[in-house]
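First the structure, in the form of structure tokens, and then the observations on it.
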Amino acid sequence: MATRSASKIALGAMAQLLPDGQPVAGPQLLAELAHRLVEGAGGRRLVIGINDAHMLDPMSASLVHHLAVTRSAFLVLTARTDVSVPDPVFALWKEDLLERLDVHEFDGTETAELVAEALGGQVDGATVHQLWELSRGNATYLRELVESGLGSGALTRVDGIWRWSGRMTPARRLRDLVGARIGALLPKEQEALELLAFGGTLDGDLLLRRIDADTLEILEHRGLLISYRRGENVDVRLAHPLYAEVLRRRTSALRERAVFQRLAESFDGPGGSAADRVRAASWRLAGGLPTDVEVLIDAAEQAMTAPEPDHSAAARVAAAAVKRGGGFAASIVLAQSLMGLGRPDEAEDVLAGLTAEADTDDRRALLAVTRLGNLYWGTGQPDLAADLMREAQAALWTDPQRPELMTMRASLLMYDGQFTTALTTITPLIADPGRLGAMTVSAYAIAADAFCGTGSHDAAIATADEALRAAYEIGGMAADWAVVQLESVKCGALSSAGRFAEAAELAAAGYRGAIAADRPIAQALYGGWHGIVLVQQGKIRSGLGLLRDATGAMPAGSFPFLPVLFAQTAEASALLGDTTAAANALTQAEQALASGSEACAPWVTLAGAWLAVLGGRTADGADLAAVAADRARRNGQVQPELVALHTCVRLGAADRVLDRITTVAAGVDGPLASVLAEHARALVDADAAGLDAVAERFAALGAILMAAEAAAQAARHYAQLGRSGAATMSATRARRWSEDCEGARTPALALLEAASELTPREREIAALAGSGMTSRAIAERLVVSVRTVDNVLHSVYQKLGVAGRRDLPSVVGVAAGS
């Protein structure tokens, strides 16, 4: 084990390996030392492992090189790549004496896989992201973080998912490891690292005014800081985020204040960007320097309206402005920043105290819009939000037709499920965008949601896209949150239209961004939609993992979408046959619905339908699906009604809903709705060929579970007609699709148990033949005779009712000529 202290002592790292004896000296020193090591192995092969070989003393390094050249030992060395190594060690791979393997830091995906394997279960996305951000893929740091989290109880398993609660900070053991890596520092080196630890990334030219170039070069050579080009500038930052954690912990309160004062004095100047002004204001506050309240309010607003809002900085600066008498303007920014930090209850406390100061139409409108968004999406009090909207409508306004009032009126209608009336209210505003001003994005978002609720998915997507373009131009927190809402609406419209791949891609990208930005509400929305879409596609287990991640990202009762997420979790669990998990999730959905919107009710009822099916009560499940359809119709929700009606179809009650599903589907955009209606028609007509066609259309859309169900139903009807070959072909297709559904169980798939099927050997040979291989090539691969191959294929053709090889690819699931 090479160490920094032993690197000053000859053979400091190797001394404990050498047998006791007379000191060795003279020209044969290395040969004699090597001989003693080999002799000490007692005739066995000598293996020497050296950790941190970059810190070997010169004599030990030369001995290692000698052992490699003479092949006296098998050597395994580790060395850092960001520091210099002794010449003899460098020569080991330069002269091909040892094989060099570069072990890179784990990326985010590798970190997720490793942590999940180590903990033996799913880890939520935010926890994985925090672990990677703090460890940056360093295996030692990652292990220490996980172990400290387990030891402290911060990392626990909740509802089957490992989550980290609270701020992730390094424990004492890890701080000691990182402190040893930083090592001893000279005063100027200490000052440089402290400036970077508290100031973050700094301009290189400005840093050089305080710290000489030689000091910075030494620190960079030691791997403690990094400099890099940014356009024409050079920026400098610490080489690892844990260095900042450790350095800040080491610093006393008095010295910390002095560091912030130096930052403010050295890096706060005219001509800086908005981000620079925000940082400067934060530094001045932390350094105890006098700062004008208007400067603080401006800095807080800049932090909130930046392309990537800094909610933490905005909250600190805005809170200071409030204490200094910043009034309404400072308080609004403080509340908005608290909302951005996921602290809605604190934001509501601030907003509720501003009623008296809202003494103009502009202030009343701003307060109402901000508070409504927080009550609905933050504290999870949609009823209180609705009451507040009614109060706002009843208040005295100089202009009763203000865009804010009309937008709130449309929002209230949306909350009550009156999508058509909401569209009628909001359409005049959208037709005259010049009136909207700051409400442009909100008005378009309501219109897009209303279009989606009425089944006009194409209009919903187009409206959402228009609003997204406006949001990107406006920027800031309001637009930032509007993007989340708009993309959520778009995910719903895309998936409802059957454009599953697009919906999944949009949701996955948003989920990654939400985790990176530490935005739990956005994480729940995007992750929830991604999970819903995956379940719709038939990827049940993958979707369930995301749904659990989404429900765990938000506390119960604080999110209007939560009843739907729990309901979808219950449905996915039921499809996988997990009665306990499905029942628990359904209970949570019902509890969340008690304080939520009636608009979520159909989804909760549908989850109950699938739980009934899991219990063997398929007829009861169909009855509950019909109840869900009725609830959706009363709410004016076209898409939930359509899904509920098709659930009746999947559960064997197509004849009960045929006329209704045909009518509803005719008024819904997108290719999916018509396939759902055609599925019902084919079942009622006992049209096996029609069910096969429906299965292919489902598969083309990516809805593989429903494709498997339709194919299984086709197989049953073919069998009833005595067409065993066609039945086997449909059953084979159904099995092929169901294999990709990650263990899903439904009544329709249960029909496959009664259908004839190919034997494993028949399936294997059919797959090879379908890929384009000749009988002779198949025989050679399987070590059988050509005659055996031909006989098996003849049996396959008879079972499947196909003419020959050219029909196999579509049945056994291979690409022709692959």
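The values are calculated or read from the model by the stated rules, or taken from the named source; none is laboratory data. These numbers were taken from a predicted model, which means no experiment stands behind them. FYI the Cβ positions are ideal-geometry reconstructions off the backbone, even for glycines, and counts take in every protein chain you see. SASA here: full protein model, heavy atoms, side chains in, ligands and nucleic acids out. Shrake-Rupley method; radii C 1.70, N 1.55, O 1.52, S 1.80 Å.
Which residue pairs have Cβ atoms under 7 Å apart, sit 6 or more places apart or on different chains, and have a first residue in the stretch 229-257 that is more than 20 Å from residue 282 (Cβ to Cβ) and a second that is of a type in the set (Asp, Glu) and open to solvent by less than 50 Å² (accessible area, probe 1.4 Å)?
233/203
Could you list, in sequence order, all residues of the stretch 221-250 that are surrounded by fewer than 18 Cβ atoms within 10 Å (Cβ to Cβ) and β-branched (Val, Ile, Thr)?
Selection gives 226, 234.
If you check 151, 160, which single one turns out to be more than 25 Å from residue 582 (Cα to Cα), out of contact with any Phe, Trp or Tyr (no Cβ under 9 Å at 6 or more places or on another chain) and of a type in the set (Gly, Ala, Ser)?
Sole residue among the options that is more than 25 Å from residue 582 (Cα to Cα), out of contact with any Phe, Trp or Tyr (no Cβ under 9 Å at 6 or more places or on another chain) and of a type in the set (Gly, Ala, Ser): 151.
Any residue at all in the stretch 187-201 that's open to solvent by 60 Å² or more (accessible area, probe 1.4 Å) and either under 24 Å from residue 2 (Cα atoms) or not aromatic (Phe, Trp, Tyr) (or both)?
yes
Could you please find all residues in the stretch 591-622 being under 15 Å from residue 560 (Cβ atoms) and open to solvent by 60 Å² or more (accessible area, probe 1.4 Å)?
591, 594, 598
Being of a type in the set (Asp, Glu), open to solvent by less than 50 Å² (accessible area, probe 1.4 Å) and at pLDDT 90 or above is the requirement here; does residue 217 meet it?
no
Just for helices (runs of 4 or more DSSP H) wholly inside the stretch 767-818: which have at least 3 residues that are among the β-branched types (Val, Ile, Thr), within 41 Å of the chain's Cα centre (by Cα) and at pLDDT below 90?
Result: empty, no element qualifies.
Looking at 342, 373, which is the one that is open to solvent by 20 Å² or more (accessible area, probe 1.4 Å), in a helix (DSSP H, G or I) and closer than 22 Å to residue 520 by Cα?
Matching residue, one of 342, 373: 373.
Hey, among 306, 281, 319, 329, which residue is open to solvent by less than 10 Å² (accessible area, probe 1.4 Å), of a type outside the set (Asp, Glu) and closer than 25 Å to residue 344 by Cα?
The match here is 281.
Could you please give the count of residues in the stretch 380-393 that are open to solvent by 20 Å² or more (accessible area, probe 1.4 Å) and either in contact with a Ser or Thr (Cβ under 8 Å, 6 or more places away or on another chain) or not in a helix (DSSP H, G or I) (or both)? Before you say what the answer is, go through the steps one by one.
Taking the stretch 380-393 and keeping what is open to solvent by 20 Å² or more (accessible area, probe 1.4 Å), we get 381, 383-384, 387-388, 390-391, 393.
With either in contact with a Ser or Thr (Cβ under 8 Å, 6 or more places away or on another chain) or not in a helix (DSSP H, G or I) (or both) added as a condition, the list becomes 381, 383.
Residues flagged as open to solvent by 20 Å² or more (accessible area, probe 1.4 Å) and either in contact with a Ser or Thr (Cβ under 8 Å, 6 or more places away or on another chain) or not in a helix (DSSP H, G or I) (or both) within the stretch 380-393 amount to 2.
Here is a list of conditions, (1) touching a residue at least 60 places away in the same chain (Cβ under 8 Å); (2) assigned to a helix (DSSP H, G or I), and residue 455 meets all of them except one; can you say which number that is?
All conditions are met except number (2).
Confirm whether residue 657 is more than 36 Å from the chain's Cα centre (by Cα) and surrounded by fewer than 24 Cβ atoms within 10 Å (Cβ to Cβ).
So residue 657 fits the description; yes.
Identify, from the list 533, 564, the residue that is β-branched (Val, Ile, Thr) and within 17 Å of the chain's Cα centre (by Cα).
Matching residue, one of 533, 564: 533.
Residues that are at pLDDT 95 or above: find the helices (runs of 4 or more DSSP H) completely inside the stretch 143-214 holding 3 or more of those. Spell out the reasoning first.
Working: elements: 172-182, 187-199, 204-208.
Filter on the stretch 143-214 gives 187-199.
Within the set of pairs 6 or more residues apart or between chains, which connect a residue that is over 12 Å from residue 141 (Cα atoms) inside the stretch 162-190 to a residue that is of a type in the set (A, V, I, L, M) and assigned to a loop (DSSP other than H, G, I, E, B) with Cβ atoms less than 7 Å apart?
164/154; 165/154; 166/154; 182/224; 188/211
Table: residues versus (1) open to solvent by less than 90 Å² (accessible area, probe 1.4 Å); (2) more than 22 Å from residue 517 (Cα to Cα); (3) modelled with pLDDT of 95 or more.
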{"residue": "93", "(1), (2), (3)": "yes, yes, no"}
{"residue": "108", "(1), (2), (3)": "yes, no, no"}
{"residue": "115", "(1), (2), (3)": "yes, no, yes"}
{"residue": "122", "(1), (2), (3)": "yes, no, no"}
{"residue": "125", "(1), (2), (3)": "yes, no, no"}
{"residue": "139", "(1), (2), (3)": "yes, yes, no"}
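Confirm whether residue 79 is within 27 Å of residue 181 (Cβ to Cβ) and open to solvent by less than 40 Å² (accessible area, probe 1.4 Å). Quick ask: steps written out before the conclusion?
Values: within 27 Å of residue 181 (Cβ to Cβ): yes; open to solvent by less than 40 Å² (accessible area, probe 1.4 Å): no.
Answer is no for this residue.
Using the structure shown, decide if residue 618 is modelled with pLDDT of 90 or more and under 30 Å from residue 127 (Cβ atoms).
Values: modelled with pLDDT of 90 or more: yes; under 30 Å from residue 127 (Cβ atoms): no.
Against the criterion (modelled with pLDDT of 90 or more and under 30 Å from residue 127 (Cβ atoms)), residue 618 does not qualify.
Taking the conditions exactly as written (open to solvent by 20 Å² or more (accessible area, probe 1.4 Å), in a helix (DSSP H, G or I), out of contact with any strand residue (DSSP E or B) (no Cβ under 9 Å at 6 or more places or on another chain) and more than 29 Å from residue 504 (Cα to Cα)), does residue 761 satisfy them or not? Spell out the reasoning first.
Details: open to solvent by 20 Å² or more (accessible area, probe 1.4 Å): yes; in a helix (DSSP H, G or I): yes; out of contact with any strand residue (DSSP E or B) (no Cβ under 9 Å at 6 or more places or on another chain): yes; more than 29 Å from residue 504 (Cα to Cα): yes.
Yes.
Pick from the stretch 254-273 the residues that are open to solvent by 30 Å² or more (accessible area, probe 1.4 Å) and either of a type in the set (Val, Ile, Thr) or within 37 Å of the chain's Cα centre (by Cα) (or both): which of them is nearest to residue 192 (Cα to Cα)?
Looking at residues that are open to solvent by 30 Å² or more (accessible area, probe 1.4 Å) and either of a type in the set (Val, Ile, Thr) or within 37 Å of the chain's Cα centre (by Cα) (or both), I get 256.
If a residue counts only when it is polar (S, T, N, Q), which helices (runs of 4 or more DSSP H) contained entirely in the stretch 577-666 have at least 2 such residues?
On the way: elements: 579-594, 601-614, 618-635, 638-650, 654-666.
It comes to 579-594, 618-635, 638-650, 654-666.
Mind listing whichever residues of the stretch 552-590 are hydroxyl-bearing (Ser, Thr, Tyr), open to solvent by less than 20 Å² (accessible area, probe 1.4 Å) and farther than 23 Å from residue 706 by Cβ?
Residue satisfying the conditions is 558 alone.
Quick test of your reading of the structure: residue 690 fulfils all but one of (1) in a helix (DSSP H, G or I); (2) open to solvent by less than 40 Å² (accessible area, probe 1.4 Å); (3) farther than 19 Å from residue 650 by Cα. Name the failing condition by number.
Only one criterion in (1) in a helix (DSSP H, G or I); (2) open to solvent by less than 40 Å² (accessible area, probe 1.4 Å); (3) farther than 19 Å from residue 650 by Cα is unmet by residue 690, namely (3).
Give the stretch 7-19 a look and list any residue that's farther than 18 Å from residue 222 by Cβ, open to solvent by less than 90 Å² (accessible area, probe 1.4 Å) and touching a residue at least 24 places away in the same chain (Cβ under 8 Å), or say none.
The answer is 10, 11, 12, 13, 14, 17.
Tell me, yes or no, whether the stretch 310-331 has at least one residue that is out of contact with any helix residue (DSSP H, G or I) (no Cβ under 7 Å at 6 or more places or on another chain) and closer than 25 Å to residue 471 by Cβ.
yes
Could you check, for the stretch 23-38, whether at least one of its residues is closer than 29 Å to residue 224 by Cα and without any contact (Cβ under 8 Å) to a residue 40 or more places away in the chain? Break it down stepwise before answering.
Taking the stretch 23-38 and keeping what is closer than 29 Å to residue 224 by Cα, we get none.
No: zero hits.
Do you know which of the residues in the stretch 344-378 that are more than 20 Å from residue 329 (Cβ to Cβ) and at pLDDT 80 or above is nearest to the chain's Cα centre (by Cα)?
That would be 344.
Checking residue 429 against (1) in a loop (DSSP other than H, G, I, E, B); (2) open to solvent by less than 30 Å² (accessible area, probe 1.4 Å); (3) of a type outside the set (Phe, Trp, Tyr), which single condition isn't satisfied?
Here residue 429 clears every test but (1).
Do you know which residues across the stretch 528-545 are more than 17 Å from residue 496 (Cβ to Cβ), open to solvent by less than 20 Å² (accessible area, probe 1.4 Å) and at pLDDT 95 or above? Quick ask: steps written out before the conclusion?
First, pick out the residues of the stretch 528-545 that are more than 17 Å from residue 496 (Cβ to Cβ): 539-542, 544-545.
Filter once more, so that each one left must be open to solvent by less than 20 Å² (accessible area, probe 1.4 Å): 540, 544-545.
Correct list: 540, 544.
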